[in-house]
Structure formats: C-alpha cells, structure tokens
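Accompanying notes for the structure given below.
No value in this document is a laboratory result; all are computed from the given coordinates. Quick caveat, the model's predicted, so the values are computed rather than measured. Ideal geometry is used to build each Cβ from the backbone, glycine not excepted, and the neighbour counts take in all protein chains shown.
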Amino acid sequence: MSTDIAALAERLDGAAFNATATPQLEAPISLADAYAVQRASIERRLARGERRVGIKMGFTSRAKMLQMGVSDLIWGRLTDGMLVEDGGSVALSRYVHPRVEPEIAFLIARPLAGRVTLPQALAAVEAVAPALEIIDSRYEDFRFSLTDVVADNSSSSGFVVGPWASPRTDLSNLGLVLSFDGRPQAFGSTAAILGHPLRSLVSAARVIAEAGDALSPGDIVLAGGATAASALVAGTFVSLDMQSLGRCGFHVEE
C-alpha cells in the first residue's frame, strides 16, 4: 500500500502548528517516504510565508545510533519561524513535549554539497557559534519509531544561536554546561558530536545532496546534541556556556 505523503504532511504540520499531540503513525513507512513527508510538511510552512534557513542534524552520537538501530544520522529542516532571538522567550504552550539540547552552529559562506573532506567543509564555514535546539515530538505519549521522528522534521522545533566566532576556533573538545536559572542540568563536550562537530557538517553536505539540494551561503547547520536533552520548565532561563565560544540562552514562559 502506497503512503499518502500529503495527508501525513498535513497531519504532522497541523500537530506542530496547533501544538496538539497526534497518534503515532498507524502503518510503518520507509525512510524515503518519511523524508518525503518531512519535505511536504515544511513546504506547507514555506507556503505560509516562512523561509528556509538551514538544517539540523540528529543522532550524532554512536550510542544514540545503536539505541535506535540505525547506521546513519538523520536530519531536519530549519525555517526562520523556528528561530528564537538570543535572550528572547518561548512559550511552553507552543509545544507538545519540548526539550532542549546544547549544540554547535555553523554559518555557511559558500555552497556545500556532496561528499567532502573535513578541510573542504571547514573552508565553506563563515563562522561558528554556541547554540540551543528546542526539540519537540508531536506524538502522543512520546511514543515513536525512527521513521515517525524523521517525518516529524526530526523533532526540530526551535533554535537559538549565540555570538558568532571565527571558524578557525578549535571545536574538537570544548567543555559546555547547560543550565536552568544558573543550575547545571548537563555537562558535556563538543567531542560528543561524532568525535568532532565538523564531521557532522561533512555528513550534512552528503545527506542534503542525496535529497537533491545543497547548503547555500547564509544557511545555518546545527551539528547535533552534545548532551542528552533536558525537558523545558516554565519560568526558567535556559543557558548554554561553551568554552571559547561564550553563552546563549532564552526564557521559558507558560
């Protein structure tokens, strides 16, 4: 039985737009169909006036890949409607199961796509920054399969980018602390992102080319979570302090 891509895209887009949980997909779908649903869902957002600004990478730790039984990363699309100003606010009512992860963000300076080396990927970067990604599964009871996640834009819902810094900054092992109101929630290192965040950018160039697209100047790439995700709590200020790159954060409202 063929997958009704448009119907699933409408359903998942509606769940995200209305912050209303939806049941797990009733029938298993292929990974290719899951990405087709993701694309169609994001196209609905673009039709409402949002603009594509980049992509996010997921499953960037070997442990997560093993846990989910996969051998490759997943990815999702970012729009300007997901961007939260550094120091700004988000409302919990906009989400279903919101969590936050500390990340590295890359700002792309020149087109990048296909199979590239680490030096080639670095040469395409204009700047790097500490970042926070708000992830949100729209499925009821937080139950989902791999393809459910991919169809749901790989859970990407919002992101904050801190101050941009030189791409020559050594990103291999930067210490970081994720805090709520100054109370540490998670400690980690950028080394948790595939051993080096730049490897995630190399993967981003490959997967977006496989989708028939490319990273363009001005695009942002979120390299993937450096720690486990923490559930958002109303009335708190979420902050990320990252060695050499500084701080970013946002307020959480009801």
Residue range of the chain that is longest and free of trypsin sites (Lys or Arg not before Pro) which are both DSSP loop and sparsely packed (at most 11 other C-beta within 10 Å)
169-254
Please compute P(r) over all alpha-carbon pairs of segment 147-216, binned at 10 Å starting from zero, and give each bin as a whole-number percent.
15, 35, 40, 11, 1
Going fewest to most other Cβ atoms within 10 Å around each Cβ, 82, 57 line up as 82, 57
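For segment 5-253, how big is Rg over Rh, using alpha carbon atoms and the Kirkwood form of Rh?
0.94
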